[in-house]
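The values are calculated or read from the model by the stated rules, or taken from the named source; none is laboratory data. Values in this document were obtained by computation on a predicted structure and should not be read as measured data. Glycine gets a Cβ as well: all are built from the backbone with ideal geometry, and neighbour counts include every protein chain shown. The area values use the complete protein model at the heavy-atom level, side chains included, leaving out ligands, DNA and RNA. Shrake-Rupley method; radii C 1.70, N 1.55, O 1.52, S 1.80 Å.
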Amino acid sequence: MEVEISRRKFLQGTVAMSVVGATAATSLLSNEHGGGAKPGVVSFHNTKTGTGKSHDVATLCEMCVNKCAALARVENGVVTKLNPNPLFPKSKNMLCARGNAGIQALYDPDRLKYPMIRIGEKGEGKFKRVTWDEAYEAILNGTDKFPGLSKIMDEEQDNRSTMLFCAGEGMAEHTFKQFYQAFGSANWLNHASICLQTVTSGYGVTLGSYPQADLDNAEYVIMAGANRAEAIVTPDTMDIFKRTKRRGAKLICVDPRFTNTAAKSDKWLAIKPGTDLAFVLALTYVTLNENLQDNDYIKKYFNGYEEYKKSVLDNKYTPEWAEPITGIKAEDIYTIAREFAAAAPKAVYYPGRRSTFAKNDFQLRRAMAIFQALHGGIDTEGGLIFGSKLALQPHEGLQPLYEKAQARAVVKSTDGKGYDDCAVISGGGSWIAWRNRFLEGKMPYKVRGMFCYKHNPMMNMPNSAKTAEMLKKMELVVTIDTMPSDTVMYADVVLPECTYLERTDPVKTFGGVEPSIAVRNKVIDPMFETKPVMEIMKGLTTKISKPLFEISKKYDEEIQDAIEEDGEEETYAEFDLTLPFRHTQEELNHHAVAKYEGAAEQLHHHGIFYPKQDEYYKQLAINKFQYYPEKKKYYSTRGGKPKTPSGKVECNLASFASKGIDPMPVWRDEYAFSVPSGKFRLLTGRHAQFTQSGTSNNAMLRDLMPENFIWINKRVADKKGIKFADTVEVSSSVGKTQLKAYPTEKIAPDQVFFIHGFGEESEELTWAYKNGGNDNKVIEDNIEPVYGAAAMHETNVEIRKV
Amino acid sequence: MARYGMALDYKSCINCKACEVACKEENGILMGADKHRIWVGNGEIEGQYPLLDITSNAFYPSQCQHCDEAPCEEVCPTHATYYTEDGIVRVDPEKCILCSYCMNACPYDARYVDDRTVTVDKCTFCADTRLARGETTTACQNTCPTKVRIFGDLDDPNSEISEVLRTREHFSLKANLGTKPKLFYLT
Ligand code: SF4
Ligand code: SF4
Ligand code: SF4
Ligand code: SF4
């Protein structure tokens with residue numbers, strides 16, 4: 001075999017996902033200087049590892065949500081390399097490109113370095129450096145530019161819900177959430193409704209849990225709407241593309257785009273966006289019509305099987321019916337259904353983990369879960385698994401009840417079906433619905449300020465213009481972050497958190513086939529004046545707890561009564577916000593694993609613990625490790641029994657019908673895909689070298705992909721006279737953005753795609769500033785009806801060469 | 001003494017570029033897309049949507065082949081390019097005069113200019129970082145999510161790489177040129 005692999009060819013040819021294309025032939029940035037918005041900033045260093053003295057610290061990566069185990073090499077107090085920690089069964093001795101580039105997050109010259117308060121206009125990004133105490137003081141008492149908590153809480157008569165709390169995903173999210181709980185607000189928004197809300201809930205109500213997939217042992221895998229080669233999830237990415245694939249498992253990739261996952265699949269099916277539900281229903285039809293299902297499993301563990309069967313057969317969801325809807329050939333659907341059944345239960349319809357793309361996403365996830373269960377592949381080797389989890393000792397939080405705190409700012413719908421915005425209100429809420437309600441003045445009471453932790457609403461949710469409006473309207477915005485993101489630019493008070501390499505985070509237990517406990521240990525002391533969120537919470541609550549209690553005393557009759565009865569000191573003890581933050585993180589972690597002998601020590605030194613680790617863990621080959629002996633793995637923990645309260649797979653959810661939601665997955669005509677002529681459906685997605693906007697300023701990653709490009713079908717581009725790297729303007733009803741074009745046959749003529757997370761506008765970001773296009777300036781604020789999750793693939797756009 | 005080589009399970013590569021970043025961080029490589037010791041080659045897909053040829057989009061992880069008969073070594077006028085006793089092809093920055101003969105001679109396009117040391121640079125099998133510290137893996141091998149690389153001693157019959165090369169089919173790039181590469185692509 002002869003293969004031509006050359007650097008020059010690579011430079012010219014590899015545009016694909018990692019667009020290194022034409023611009024990359026010249027060095028984008030040298031090691032000594034950056035080429036960003038801020039002139040004259042000497043900013044970037046990349047050090048070679050040495051051969052002298054060094055030590056390793058076991059930590060966990062935070063460059064995305066996976067939390068892979070890493071060993072940080074420290075030389076003379078400087079982190080010079082992040083290596084994979086082989087001990088972790090979840091990440092199996094790997095760190096991806098982002099994980100390796102974590103050093104640049106630590107040494108990013110643009111990091112937030114000290115507390116700041118706003119001195120310019122809202123959103124202008126003009127701040128003054130202050131001490132931590134001055135920052136806390138400003139939060140409590142405000143400045144001439146913005147009101148503080150005491151004024152707001154007094155005017156709102158101790159309605160604690162007048163403050164919104166929002167947070168991005170992360171190991172310390174829990175610490176911040178404890179502050180929210182102690183504060184007593186009912187308004188909590190997290191990333192779920194702009195991420196995986198519908199998939200976790202869809203599987204949750206159907207199987208009782210959002211399961212993992214045993215891709216290591218599966219023999220047949222349908223990966224639809226999940227792109228594991230680029231949207232890395234551990235251990236799935238390693239399992240499917242390494243062992244499973246080489247062992248001969250078949251991978252069917254279903255995606256409107258030809259992704260890197262498609263490149264690694266045995267068959268790629270180009271589906272029309274938003275029509276996966278029709279595809280699954282047709283697979284289900286073939287299964288039921290040809291009697292391919294696992295009748296034993298169904299008899300034992302199904303609720304509503306007959307109704308669902310009747311619905312699927314009566315509705316005639318045949319492959320021939322699905323073909324024009326999905327664009328997938330009927331014969332392919334027949335073949336896949338039969339092959340899946342033949343491989344079952346070692347067959348996986350991969351649940352996926354991604355944003356909601358279409359309004360029918362909840363129904364899609366239900367249909368996927370039921371299809372999987374029809375073949376018996378639940379809680380079993382090679383199928384979907386629940387696994388086992390090592391319990392942690394919980395520690396005390398504080399959840400005081402304030403009489404005047406109002407319930408979450410949502411409104412029940414007048415027809416008695418759920419709420420105005422969506423049918424069900426989840427713990428994480430619906431970000432878009434909440435924002436829009438706030439802007440439209442439809443709140444049941446005044447929300448006047450917000451605390452925002454490690455979260456970038458300006459970049460992370462559709463219709464950035466509205467988010468900007470919301471942030472401007474908020475009277476007090478406090479952000480806790482590591483980077484001067486677009487959202488931070490709208491803050492009144494900025495509290496700089498240290499990066500993940502400078503802090504110990506709450507110990508975490510990871511369930512699965514090979515359960516373990518892992519911890520993120522502090523690698524080096526926090527740089528500049530940054531602090532871990534634990535200490536920030538401690539400092540802030542010490543400042544505000546007493547004064548806020550004084551306000552509560554004024555309005556809260558229950559507190560007044562309690563004081564009368566038990567005295568002030570005893571009453572205050574229940575409302576003392578500092579309570580959850582009195583111990584160090586190390587102490588809390590010690591406590592959390594106290595019941596496992598030697599665990600705290602092991603975690604401190606090696607990062608990973610599970611019982612009998614010494615006996616079980618072995619390196620079998622250069623690239624192969626054993627974590628648990630085969631016989632000790634938790635493939636099946638319930639004999640196949642679903643985790644729903646009934647212990648059955650729920651096909652027919654009557655309770656949802658009363659909320660106006662289809663109780664069984666059915667296809668509706670309005671789900672069909674269509675694009676007006678001259679327009680394109682905008683698709684967005686992830687990438688193996690960037691994690692949303694969180695890594696957009698990482699110099700090392702930008703070196704791999706300097707900016708995002710818009711994929712446009714080559715023939716269409718030819719007709720429009722758009723060539724590679726031409727700048728195009730993408731516009732929708734809510735806004736526009738500009739980026740460069742990548743004409744390719746990997747995308748359909750009526751669709752365009754670009755990667756999320758680019759095009760930030762904070763001038764404080766040397767490399768991310770106005771770099772590439774921002775999808776959320778263009779994506780319209782559509783929400784799906786069940787949980788109010790953002791439906792990201794429902795926007796049609798126009799394209800114009802500029 | 002060893003004779004180091006690398007076997008690549010290249011069909012497992014997902015083009016994630018973890019190896020490239022690991023190499024840059026380990027070895028302090030310059031920024032810039034043309035400044036890398038390691039890369040993944042892949043061509044533009046063939047066919048028209050949706051009838052695309054999956055195989056045309058294969059990924060070929062690559063780096064210096066550490067040729068046993070290295071053209072780059074042959075042409076170097078100052079003997080800056082040399083073989084170490086472990087069979088690694090290296091460049092001595094003291095002797096390199098940046099004539100760039102080696103860059104043109106290398107059939108694999110494995111070399112580039114390091115602007116700081118003003119030397120032609122390339123993959124060293126982490127000789128002056130990891131191997132110098134007594135480690136037995138290279139940065140690119142160790143970090144790879146799909147475990148594409150096996151690094152080891154070709155002279156040791158008991159090494160994993162020797163075993164793999166005995167038992168699995170493999171090919172070398174441009175084998176007809178007689179450069180005797182020590183990178184082996186497993187089929
Ligand atoms: S997948 Fe990559 S970025 Fe995510 S935690 Fe693992 S190493 Fe870090
Ligand atoms: S790290 Fe492995 S999978 Fe990723 S690009 Fe390199 S060789 Fe390929
Ligand atoms: S691959 Fe090129 S640089 Fe490496 S040894 Fe061979 S000829 Fe020299
Ligand atoms: S062996 Fe070392 S120097 Fe060579 S490409 Fe891999 S990491 Fe870089």
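For the peptides A:573-579, B:154-160, what is the packing order when you average, over each peptide's residues, the other Cβ atoms within 10 Å and list the highest mean first? Kindly include the intermediate steps, with their values, before the conclusion.
Working: A:573-579: 18.0, B:154-160: 14.4.
Peptide ranking by packing, descending: A:573-579, B:154-160.
For every other residue with a beta carbon closer than 10 angstrom to the beta carbon of A:LYS508, add +1 if it is Lys or Arg and -1 if Asp or Glu, then tell me the sum.
Working: positive: A:LYS67, A:ARG520; negative: A:ASP505.
Net local charge, A:LYS508 excluded: +1.
Going by average Cβ density within 10 Å per residue, which order do the peptides A:469-481, A:254-266, A:289-301 take, highest to lowest?
On the way: A:469-481: 20.9, A:254-266: 24.4, A:289-301: 15.7.
So the peptides A:469-481, A:254-266, A:289-301, ranked by packing, come out A:254-266, A:469-481, A:289-301.
Report the trypsin sites (Lys or Arg not before Pro) located in region A:692-761 that are in a DSSP loop and have at most 16 other Cβ atoms inside 10 Å of their Cβ, or state none. Don't skip to the end; give the middle numbers.
Values: sites: A:ARG702, A:LYS714, A:ARG715, A:LYS719, A:LYS720, A:LYS723, A:LYS736, A:LYS740, A:LYS746; in loops: A:LYS723, A:LYS746.
Those satisfying the criteria are A:LYS723.
Measure out, as a whole number of angstrom, how far apart the alpha-carbon centroids of region A:631-678 and region A:509-587 sit.
39
I'd like the distance between the alpha-carbon centres of region A:369-426 and region A:292-332, rounded to an integer number of Å.
Their Cα centres are 27 Å away from one another.
In region A:669-801, if the dipole is taken from +1 on Lys/Arg beta carbons and -1 on Asp/Glu beta carbons about the Cα centre, which of A:ALA699, A:PRO785, A:GLY721 is farthest to the positive end?
The one lying farthest along the dipole's positive direction is A:GLY721.
Count neighbours as other Cβ atoms within 10 Å of each site's Cβ, and list the chymotrypsin sites (Phe, Trp or Tyr not before Pro) in region A:445-534 that are DSSP loop with at most 14 such neighbours.
On the way: sites: A:TYR445, A:PHE451, A:TYR453, A:TYR490, A:TYR500, A:PHE510, A:PHE528; in loops: A:TYR445, A:PHE528.
Those satisfying the criteria are A:TYR445, A:PHE528.
Roughly how many debye, to the nearest 20, is the charge dipole of region A:688-792 about its Cα centre, given +1 on each Lys and Arg Cβ, -1 on each Asp and Glu Cβ, and no other charges? Spell out each step's value before the answer.
Details: 11 positive and 15 negative charges, 107 e Å.
I would put it at about 520 debye.
Kindly rank A:636-647, A:428-439 from highest to lowest mean number of other beta carbons found within 10 Å of each residue. Write down the numbers at each step before the final one.
Working: A:636-647: 15.2, A:428-439: 22.3.
Result, highest mean Cβ count within 10 Å first: A:428-439, A:636-647.
Determine the shielding of peptide B:2-13 by partner chains: average, over its residues, the number of Cβ atoms on other chains within 10 angstrom of each Cβ. Write out the running numbers ahead of the final one.
Values: counts 0, 0, 0, 0, 0, 1, 0, 3, 2, 5, 7, 6.
Mean shielding by partner chains, rounded to a whole number: 2.
So, R0 is 30 Å and r is the distance between the beta-carbons of A:ALA465 and A:LYS546; what FRET efficiency does that work out to, to 0.05?
Numbers: r = 40 Å, r/R0 = 1.34.
So, using R0 = 30 Å, E works out to roughly 0.15.
Looking at the calculated P(r) for the protein assembly as shown, what percent of the C-alpha pair distances fall above 58 Å?
On the way: 43859 of 488566 pairs.
Percent of Cα pairs beyond 58 Å in the protein assembly as shown: 9.
Can you run phi through the Karplus equation (6.51, -1.76, 1.60; θ = phi - 60°) for region B:90-105 and list ³J(HN,Hα) in whole Hz, with x for Gly and Pro?
10, 10, 8, x, 5, 9, 5, 10, 6, 6, 6, 4, 4, 4, 6, 6
How high is the FRET efficiency between A:VAL802 and A:MET527 when r is their beta carbon distance and R₀ equals 56 Å, given to the nearest 0.05?
Numbers: r = 41 Å, r/R0 = 0.73.
After rounding to 0.05, the efficiency reads 0.85.
Please give the average number of partner chain Cβ atoms lying within 10 Å of the Cβ of each residue in A:690-701, rounded to a whole number. It would help to have the intermediate numbers written out before the result.
Values: counts 0, 0, 0, 0, 0, 0, 0, 0, 1, 1, 5, 2.
Mean partner shielding for this stretch: 1.
Of all trypsin sites (Lys or Arg not before Pro) in region B:6-38, which ones are in loop regions per DSSP and have a Cβ with at most 13 other Cβ atoms within 10 Å? Kindly include the intermediate steps, with their values, before the conclusion.
Numbers: sites: B:LYS11, B:LYS17, B:LYS24, B:LYS35, B:ARG37; in loops: B:LYS17, B:LYS35, B:ARG37.
Answer by residue number: there is no such site.
Considering Cα pairs under 8 angstrom that are at least six residues apart, work out the relative contact order of region A:512-599 and quote it in whole percent.
Numbers: 31 pairs, mean separation 26.9, N = 88.
Worked out over region A:512-599, it gives 31 percent.
Explain nothing, just compute: Karplus ³J(HN,Hα) = 6.51 cos²θ - 1.76 cosθ + 1.60, θ = phi - 60°, for every residue of region A:48-62 in order, whole Hz, x for Gly and Pro.
Karplus-based 3J(HN,Hα) across region A:48-62 equals 7, 6, x, 10, x, 5, 7, 9, 9, 10, 7, 9, 10, 5, 10 Hz.
Consider a paramagnetic label point 7 Å from the Cα of A:ASP614 along Cα→Cβ; state which residues of region A:565-599 have an amide N under 16 Å from it.
So the set is A:596-599.
If you average the sequence gap of Cα pairs under 8 Å that are 6 or more apart and divide by the length of region A:248-304, what percent do you get for the contact order?
Numbers: 38 pairs, mean separation 13.2, N = 57.
Relative contact order here is 23 percent.
Report the Cα centroid-to-centroid distance between region A:52-124 and region A:785-802 in angstrom, as an integer.
The two parts, judged by their Cα centres, are 33 Å apart.
Need one value for B:137-150: mean number of C-beta atoms belonging to other chains within 10 Å of its residues' C-beta atoms.
On the way: counts 4, 0, 4, 0, 2, 8, 11, 8, 20, 13, 11, 3, 2, 3.
That average works out to 6.
Which of the lysines could a cross-linker span from A:LYS643 if the Cα-Cα distance has to be under 24 Å and same-chain partners fewer than 8 positions apart are dropped?
Answer for A:LYS643, where 24 Å is the Cα cut-off: A:LYS90, A:LYS299, A:LYS300, A:LYS309, A:LYS346, A:LYS389, A:LYS508, A:LYS631, A:LYS632, A:LYS633, A:LYS659, listed by chain and number.
Taking the Cα centre of chain B as origin, work out the dipole magnitude from +1 charges on Lys and Arg Cβ and -1 charges on Asp and Glu Cβ, in debye rounded to 20. Working shown, then result.
Details: 20 positive and 28 negative charges, 46 e Å.
Approximately 220 debye in magnitude.
Can you compute 3J(HN,Hα) from phi for each residue in region A:507-512, using the Karplus curve 6.51 cos²θ - 1.76 cosθ + 1.60 with θ = phi - 60°, rounded to whole Hz and x for Gly and Pro?
4, 9, 9, 10, x, x
In debye, nearest 20, what is the charge dipole magnitude of region A:377-529 about its Cα centre with +1 on Lys and Arg Cβ and -1 on Asp and Glu Cβ, if you could check?
560
Strictly greater than 22 Å: what percent of every Cα pair in region A:161-237 meets that? Could you put the intermediate results ahead of the total?
Working: 1274 of 2926 pairs.
For region A:161-237, the share of Cα pairs beyond 22 Å comes to 44 percent.
Farthest toward the dipole's positive end in region A:456-591, which of A:THR499, A:PHE510, A:PRO547, given Cβ charges of +1 (Lys, Arg) and -1 (Asp, Glu) about the Cα centre?
Highest projection toward the positive end goes to A:THR499.
Counting protein heavy atoms only and a 1.4 angstrom probe, how many square angstrom of accessible surface do chains A and B bury in total, to the nearest 100? Let's see the in-between values first.
Values: alone 31510 and 9890 Å², together 35050 Å².
Protein heavy atoms only, the A-B interface buries about 6400 Å².
Using only alpha carbon pairs under 8 Å that are at least six residues apart, calculate the relative contact order of chain A and give it in whole percent.
Numbers: 1776 pairs, mean separation 159.1, N = 802.
Relative contact order, chain A: 20 percent.
What residues have an amide H closer than 5 Å to that of A:THR637, excluding those fewer than 5 places away on the same chain, when H is modeled at 1.01 Å from N in the peptide plane?
Residues meeting the criterion, in which the H sits 1.01 Å from N, are A:PHE386, A:GLY387.
Toward the positive end of the charge dipole of chain A, about the Cα centre and with charges on Cβ (Lys, Arg +1; Asp, Glu -1), which of A:MET527, A:THR259, A:ALA278 goes farthest?
A:THR259
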